[in-house]
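Every number here is computed from the coordinates shown, using simple stated rules; none is lab data. As the structure is a computational prediction, the values presented were derived from the model and not from experiment. A quick note on method: Cβ atoms are made from the backbone with ideal geometry, for glycine too, and the neighbour counts reach across all protein chains shown.
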Amino acid sequence: MNRPIRVLSLYEGFFAGGARILHTDLIAGLHSQANQVHSVLSIASAARRESSVQHLHTDPRYLHLIQSGIEVTTLGRLAGADAPAPATFTERQLRIAADAVRQADVVLSLKEQPIGLLLALRERGWMPGIPVAACLHRSDPTHSGAALSWLSEASASGLLTTEISCARSTSDAYAPFLAPTTERFVIGNGIDTDRFRPATEDEQAFTRSRLGIPAAAPVVVLAARFDEMKNPGLFLRSAVLLSRQRPETHFLVCGAGMTPGNDAFRTLLTESGVSGTTNVHALGLRDDMPTIYQIADIVSLTSAFGEASPLCLLEGAASGATPVTTDVGDSAVTVQGIGFVTTHDPANIAATWHDVLDRRVELRSRSLSARDRFGRQRMIADYVAVVGTLLGSNRAAA
């Protein structure tokens, strides 16, 4: 093929989340560095998530794609708790989708939720015989609802030719739901280490001043949406315990729904025992996460299930924070040599945080020395190879 490879990515919508951040960064890198031309079809133009409505045209991921020269088309739907079933797409929406798919050599589906759209196109006879890969980012497929059955159906029928997992735990979890003929790859996550980097003293001082945090105060960060998967209550209960020993510590919670405007979040604060003596900053959605990580001593993950290879652990460590995580997905592998794995007991988490803060200087150096392993170039190179493999397999089958 003399011309660039045309790759279409399918998004359920644009909203805050690690998978969307990663895939957006990935295809922007592929579009600029590889012999590929990327475009995106988003099923939704707005998404209702964690007590907020997030709009496509103001989403940082969308803006990043546009600034990278990547065309984004939308079907204009509103994304909610459930992915859109194949039968719910209108004639107009299917024609827009068919036109986008017809111009592609390869389709990448960001997670399994958009697969329903491809099944609807196949039902109309509008799905060309091109490679389709599902890029999967969780370790609990049974929480995907009906989308998991669409993934299995597409795999069994040959519509889905490939799955690409971001973690070994993801690949293992989805294996029972995929046909033996579906090719499987594991490509570990990578981040932009130019963006996520240690700060200068002046930069740290500015961010701490802006957030009302004293210069020497310890900082623990949770970057997660308000969701039972992320288990924010466990984080808050652990914060209360640590505050009794280290009352000077500040706890930053960032993500959709992590604001006083969310009634459920306010209730959880009370239930967790958070009072005026616990320095909790509910920051909600942030577009400046690099600056938040730069003042963190600890980046925490208290998830109960579902994680694969959490970006927050990589982003925090690349900025100098020490990752402390529960044992979900590939988190333990991610923090090996630089961080710590805890149980789901708040006392164990608080004790681990306490120990990390006692060794702040030593552990910060350990995180920063591992920055090279977090970069995205290896991930981009692996995707270049897999996309080439997909096209080669498709030509051989033809």
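Observations
- Here r is the Cβ-Cβ distance between ALA351 and ASP194 and R0 is 30 Å; the resulting FRET efficiency, rounded to 0.05, is 0.30.
- Unit charges at the beta carbon, dipole of the chain: most positive-side option, SER365, HIS38, GLY158: HIS38
- Rg/Rg_ref, the stretch 101-147, where Rg_ref = 2.2 N^0.38 Å and atoms are Cα: 1.23
- Over 19 Å [Cα-Cα, the stretch 227-366], rounded percent: 48
- Cα-centre dipole for the stretch 240-386 with unit charges at Cβ (Lys and Arg positive, Asp and Glu negative), debye to 20: 320
- Of all DSSP beta bridges in the chain, antiparallel share, percent nearest 5: 5
- Helix 18-33 vs. the chain, principal-axis angle (Cα, 0 to 90°, nearest 10): 60
- Length added when fully stretched, ALA385-ALA85, from 0.36 nm per residue minus Cα-Cα: 104.8 nm
- Per-peptide average of other Cβ atoms within 10 Å, ordering 282-294, 107-119 highest first: 107-119, 282-294
- FRET efficiency estimate (nearest 0.05) - Cβ-Cβ, THR181 to ASP99, R0 35 angstrom: 0.75
- For the stretch 1-77, projected area of the alpha-carbon convex hull averaged over all directions, nm²: 5.0
- Volume per residue that the Cα convex hull of the stretch 93-195 spans, once the total is divided by residue count, Å³: 123
- Fraction of the pair-distance distribution of the stretch 239-312 above 14 Å, Cα-Cα pairs, percent: 67
- Hydrodynamic radius (Kirkwood) for the chain, which is based on Cα pairs only, to one decimal in Å: 21.8
- Label point 7 Å beyond Cα of ALA205 along Cβ direction - residues of the stretch 277-300 with amide nitrogen under 11 Å: none
- Backbone N atoms of the stretch 354-369 closer than 12 Å to the 7 Å Cα→Cβ label point of ALA215 are not found in any residue.
- Across the stretch 49-139 the C-alpha pair distances fall into 5 Å bins from zero in the proportions 3, 11, 19, 24, 23, 14, 5, 1 percent.
- Label reach from GLN336 (point 7 Å along Cα→C-beta): in the stretch 164-180, amide nitrogens under 19 Å belong to 165-173.
- Put the Cα centre of the stretch 70-99 next to the Cα centre of the stretch 285-344 and the gap is 34 Å.
- Per-residue extension of 0.36 nm, minus the Cα-Cα distance of ARG373 and ASP288, leaves a gain of 28.3 nm for this segment.
- Cβ-based charge dipole, the chain, positive-most Cα from TYR62, ALA224, LEU148: TYR62
- Protection proxy ranking, highest mean first, for peptides 131-144, 374-387, 262-275: 131-144, 374-387, 262-275, where packing is the per-residue count of other beta-carbon atoms within 10 Å, averaged.
- Volume per residue of the C-alpha convex hull in the stretch 113-269, rounded to whole Å³: 180
- Note on ARG244 and ARG360: the model spin-label points, each 7 Å out from Cα along the C-beta direction, lie 2.3 nm apart.
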